[in-house]
Structure formats: structure tokens, C-alpha cells
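To keep things clear, I will list the structure first and then write my remarks on it.
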Amino acid sequence: MIELTGTFYNLSIIFIVAILAPIIASAIPRFKLPVVVLEICLGIIIGPQVLGLVHLDPTITDLSYFGLAFLFFLAGFEIDIDLIKGKPLKYAFIGWILSLLIALLIGGILQASGLVISFIFIGLAMSTTAVGVLVPILRDEGELNSNFGRFVFAAGVIGEFAPLTILALFFNKVYDNFSSLLLVILFIIIAFLILITVRRWQPPYIVDLMRKTMNTSGQLALRLSILLLVALIFISMNSGIDFLFGAFTAGIILSEIIKMAKNKEDKDIENMRIKFEGIGFGLLIPIFFIVSGINFDLIAFLTSPTSILMVPIFIISFLIARGLPAMVIYRKILSKAEQVPLALFSATQLPLVIVITTLAVKSGAMQPTNAADLVGAAIISVILFPLIALILRHAKTKEKVV
């Protein structure tokens, strides 16, 4: 009972912070600070290294992992293959390959200089894009379905899915690389079979019951969706694959199901998006970002003599690794006024950086100070890069109006 009381006390503080974050963000209208950044910063403040108001227990830690899973689930859920297929997806993949090569080269230079332990984890972290952070920004700006938004979204999808695939293949804690490849292929086959089954096998009684309970306490459609998410996470974890791979895949499957329902003009099913976002952004995802702030090693970040050097290096490296390829490969299909914002959006990083640095520190392949510096640089990228990109986009829109 005492442990349970402590858990609810910690959750109370965490949700006070979750409420304060959007209030503070809205109080600064001219400076569009992403709510997730405030959640992390406030998490640092209430954490053990500043005010010491919250001390994590296994229950809250598990909730934060589920929040991370839900973030990737929503990222997969946002994917519309019809929207990004063709040039956006093709150029995004080419751009990410170039980004990975550049990032590994930068990581190799840092390792040779003795500044980091493993260039692989550093390079993989630098090749990511925070699509889960970008999607709400693009939607709020009305850019998600624009031509520019399609290319940004595609770059974000590949920048999230490709590093996840590499983690599943080469950093499997249970099986060797070849076995991991077979398991990933098997997992994809299982996911594909689930999608085909759901599309073709729709018992009238179940479908009707889903519609009837859509706005009642039954909520059968929502419960089946959560079952799919949890089941794919369970399958991926028991295969030695990172659980985020399962969460991301569950989102893609449900996205296809929702799209099929939308084509049938089933507005109740389409409203599932609102329910998912309510659970995610209203409950679970804030816990993950606040707990990330609580776990942030502020002392290592502030006392490390190399932090003043490494944080700017990592920020510039994000721009070089993810931004430079965008400036090169999109020059024939996007204007220069669009290339720079695309480069900045592509270089925006955070969730996977937290995941990769945590994995690297646990395996002894990264120093805690380097992890803190990388996460700190990623937080700054979320603050600055989307803001600058939006300013440039708005400036271009005003020029067209004039």
C-alpha cells in the first residue's frame, strides 16, 4: 500500500507538470515552443538532480515505456502510403542512406579523436528524425497534405523506421544477425497476414457491435486496437526485436484499416484517430517525455568539461548528417526556399536519440556524458529547427501574397 501511495504521489506531480507544459507553451504565442520540450525541461526540474520531487518506481517506468510505444504507434498510424509513395518516399530513402554514411563518418572522426566510445551508436542516433514531433507541427500549420509536407513526412518516416530496422537487425540482444534478419522477416509476414485477415474477414456481428459501442462504454473498436498494439509489442519483444518496431507496425496496420473505413465514409471509425490521440497525447506520451527529463543526467551535462564543446558539435552534426543530403538530392524538385525548411525538419531529433543513447549506455558503448550531450543537443534541435523552418515558410508565404 505504501508503494502504491508513492506511485500515485509521483504520478500526481508528473500530471501537474503535464498540465503546466501546454499552458506555458500557449503563454508564449510568438515563440512556438513544442510542448514535448517543456515536458522534458520540467521533468528535469522535478527530478532528483534539481528539486527531487519525483523518484521513479517500476510502475511509472513501465508507463513511460508504454508512452514511448504509443508515440511510435501514432507515428505509424499517421503514415498514408498513397500520400508519400513515389518521389517523396524514393528521395527520403536515398537521403537517409546518405545521412547514415555521413553520420557514421562523423562518428568515426569523433571516435578517432577519443571523444566517444562507439561511432556506430553515435552515427545511428544522428541519422534519425523525430517524425512523432513533426507530425503535430505540420498538421497545425496545414502542411501535412501539401506537396512540401509530403516530402517532409516521407523523410521523417524513413528517418524513424530505418534506424528502428537497424536496431532490430543488428542490436538484437537474444539472437545473432542472421537469425535477427529471419525474425524481422517473419514479424513482417505476421503483420502482413494480420492486415490481410482484418481486411478480408469482417464478421457482420463484430463489425456491427464495433459501430454500436463506438460512443458507449463498450468501446470494442478501441479495445481491439489496443490489443493489436500490445500483441505486436509482445511478439517483437519475445523475438528479441525492439518493442518500438512492433508499436510502429501496429500503427501502420491500423492506419490502413482506418483508411479503408474512411473510403466507405464510416465517420465513426475515422473518429478513432481522435481517441488514439486522446490516449496518447493526453495520458501516456507526456509521461514518457517527463520521465525522460527526470532521467536526464543534468549533473553530467553541466559538470562535463567536454559538454560545452560536444553539444554544439552534435547540433552541427545533425544539420550536416540530415540537412546536407536534403539540400543536395531535393534541389531539382523543390525550390531553395523549400529545401532549407526541409533540411531543418529532417534534422529535428529526439525520441530515437533517447532510445539509442539509453541502449548504448547500458551496453557500455557510450559514456553517460556523451548520452547527456546527445540528448541535450536533440532537445535544442526540437526547440530551434522547427521554429526556424516555420519562420522561413511563413516568410515565403508572405512574399507570395505580396
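At a glance:
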{"quantity": "Rounded, prolate or oblate (a/c below 1.5 giving rounded, otherwise prolate when a/b exceeds b/c) for region 87-156 by Cα gyration tensor", "calculated": "prolate"}
{"quantity": "Percent accessible area from carbon and sulfur atoms, the chain, protein chains only, probe 1.4 Å", "calculated": "70"}
{"quantity": "Per residue, in Å², the accessible surface of region 108-241 once ligands and nucleic acids are set aside, probe 1.4 Å", "calculated": "49"}
{"quantity": "Gap separating the Cα centres of region 34-104 and region 287-316, nearest whole Å", "calculated": "16"}
{"quantity": "Mean Cβ count within 10 Å, highest first, over the residues of peptides 236-245, 101-110, 332-341", "calculated": "236-245, 101-110, 332-341"}
{"quantity": "Estimated dipole of the chain in Debye, rounded to 20 [Cβ of Lys and Arg +1, of Asp and Glu -1, Cα centre]", "calculated": "1200"}
{"quantity": "Rounded if a/c under 1.5, otherwise prolate or oblate - region 97-249, Cα gyration tensor axes", "calculated": "oblate"}
{"quantity": "Rounded if a/c under 1.5, otherwise prolate or oblate - the chain, Cα gyration tensor axes", "calculated": "rounded"}
{"quantity": "Charge dipole (region 1-123, unit charges on Cβ, about Cα centre) - positive-most of His55, Ile28, Leu105", "calculated": "Leu105"}
{"quantity": "Value of D in µm² per second that Stokes-Einstein yields for region 187-333, Kirkwood Rh from Cα pairs, at 10 °C (1.306 mPa s)", "calculated": "83"}
{"quantity": "In Å², nearest 10: area of Arg150 left accessible to a 1.4 Å probe", "calculated": "60"}
{"quantity": "Inverse mean reciprocal Cα-Cα distance (Kirkwood Rh) of region 9-89, Å", "calculated": "15.0"}
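The values are calculated or read from the model by the stated rules, or taken from the named source; none is laboratory data. Just so we're clear, the structure is a prediction, and the values are computed from it rather than from any experiment. Every residue, glycine as well, gets a Cβ built from its backbone with ideal geometry; the counts of neighbours run over all protein chains shown. Note: areas computed on protein heavy atoms with side chains; ligands, DNA, RNA excluded. Shrake-Rupley method; radii C 1.70, N 1.55, O 1.52, S 1.80 Å.
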